Amino acid sequence: MDNPVIIFGAGSLGRAAKEIFESNGNVVYGFLDDNKSLHNHEIDESFVLGSTDDDGFLKLIGKKCEACIAVDDNRLRKSLVKMLNDVRHVQPVNGIHKTASLSSHVELGHGNLIDQGVLVGVGAKLASYGMIHAGCVIGAEVTLGNYVQIGTGSVISAGVTIEDEAFIGSGVTVVSGITIGKGARVGAGSVVVAPVKAGETVFGNPAQPVKA
């Protein structure tokens, strides 16, 4: 990737994204964030240039800059993806830390953030707009849907399917062959040994549904 990157989001995830791109020698042009108190402030030697709808900077995307979305609120991520698709006619770029290791036989969509030390096995399919935090292991033939988030140090064993918008907390283990449904949530440190229904929240070892 030759063009510099504009990062949407100047919080901790934006800082992590900046480090991911710079680990590969890419230049970060700056951040866009809707928190006006951050505007014109410097974060890790890059400035917060303006808001996420600032047309003066958006018009650079697709021509002189690439875009990275580094916010963990899926509703906001979706709206930013839609704006980039509909207005700028571009997809956000993948950010893959130089210390991550992906098999040469991985299918990868658009706009994913894959942090340091992540391992992705052969035959894995990663859709788009997901976040895989540091130290995760994604086993062989795992399938991840769109907008999936996987917390630091989680182990997703071979053949697991995680559907769109599911959230996996830090330090989770998912045993082989399990399906985690759309929008499901798995609490930190859980061990998932049975399928998780769409929209369900589970926690514990073994993971059990959390009653409202």
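The values are calculated or read from the model by the stated rules, or taken from the named source; none is laboratory data. Please read all numbers here as calculations on a predicted model, not as lab measurements. Note: ideal-geometry Cβ built from the backbone for every residue, glycine included; neighbour counts use all protein chains shown.
With the structure loaded, tell me whether Ser37 is hydroxyl-bearing (Ser, Thr, Tyr), buried (at least 16 other Cβ atoms within 10 Å of the Cβ) and over 20 Å from Tyr129 (Cβ atoms) or whether it fails that test. Judged against the criteria, Ser37 is not a match. Just one of (1) of a type outside the set (Gly, Ala, Ser); (2) in contact with a Lys or Arg (Cβ under 7 Å, 6 or more places away or on another chain); (3) on the phi > 0 side of the Ramachandran plot fails for His89. It is (2). Yes or no: the stretch 115-124 includes at least one residue that is more than 21 Å from Gly177 (Cβ to Cβ), modelled with pLDDT of 95 or more, surrounded by 22 or more Cβ atoms within 10 Å (Cβ to Cβ) and of a type outside the set (Val, Ile, Thr). Looking for residues that are more than 21 Å from Gly177 (Cβ to Cβ), modelled with pLDDT of 95 or more, surrounded by 22 or more Cβ atoms within 10 Å (Cβ to Cβ) and of a type outside the set (Val, Ile, Thr), one finds at least one in the stretch 115-124, hence yes.
The residue list Ser12, Ser51 contains one member that is within 16 Å of the chain's Cα centre (by Cα) and of a type in the set (Ser, Thr, Tyr), which is Ser12.
Filtering the stretch 178-193 to residues that are within 17 Å of Leu144 (Cα to Cα), part of a loop (DSSP other than H, G, I, E, B) and either of a type in the set (A, V, I, L, M, F, W, C) or outside the structural domain of Glu163 (by TED's automatic domain parsing) (or both) leaves Ile178, Ala184.
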